[in-house]
Amino acid sequence: MEDQELYERAKKRVEKRIGFYIHLLVYLVVNTLLIIINLTKSPEYYWFKWPLLGWGIGLFFHAIGVFASSIGSSLKEQMIQKEMQKRSSRK
């Protein structure tokens, strides 16, 4: 594999992780504000749990997409390297 190709793949993985961390930060800030608004304006009913839960599910799947794909690609790379070694030892 070429250095440029490795660089591009690593860059994409890093960009995906940064995107997830930005998503997480926005989730925390917005939901903190929603909790504060809920507790100050209508403390008799905790409605903040619904956006917290719904958005949390989306955030969970975003995390799975980012971090599980890097685990899978690492495993794939190991398998490719092993296969290449087998092929080169046969020659």
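Since every read-out is calculated from the coordinates, none of them should be taken as a lab result. Since the model is a prediction, treat every value here as computed from it, not as a measurement. Ideal geometry is used to build each Cβ from the backbone, glycine not excepted, and the neighbour counts take in all protein chains shown.
If you run the Gaussian network model on the chain, springs between alpha carbon atoms under 10 Å, then out of ILE22, ILE80, ILE35 the most flexible one is ILE80. For the chain, the mean residue ellipticity at 222 nm estimated from helices alone is -29500 deg cm²/dmol, where every DSSP H run of n ≥ 4 contributes -39500 (n - 2.57) and the total is divided by all residues, rounded to the nearest 500.
With a cap of 11 neighbouring Cβ atoms within 10 Å, and only residues DSSP puts in a loop, list the chymotrypsin sites (Phe, Trp or Tyr not before Pro) found in region 1-46.
Answer in residue order: TYR45.
Radius of gyration (Cα atoms) of the chain, expressed as a multiple of 2.2 N^0.38 Å: 1.75. No solvent, one uniform scatterer per C-alpha: report log10 I(q)/I(0) for region 1-46 via the Debye equation at q = 0.16, 0.21, 0.28, 0.31 1/Å, two decimals. Listed by q, the Debye log ratios stand at -0.59, -0.73, -0.89, -0.97. About the centre of its Cα atoms, region 3-90 shows a dipole size close to 380 debye [charges on the beta carbon of Lys, Arg (+1) and Asp, Glu (-1) only; nearest 20 debye].
Measuring nothing but how far apart in sequence close Cα pairs (under 8 Å, 6+ apart) lie, relative to its length, region 3-90 scores a relative contact order of 33 percent.
Can you give the longest stretch of the chain with no exposed loop site, where a site means GluC sites (Glu not before Pro) in a DSSP loop (not H, G, I, E or B) with at most 12 other C-beta atoms within 10 Å? By the stated rule (loop sites, at most 12 other Cβ atoms within 10 Å), 45-91.
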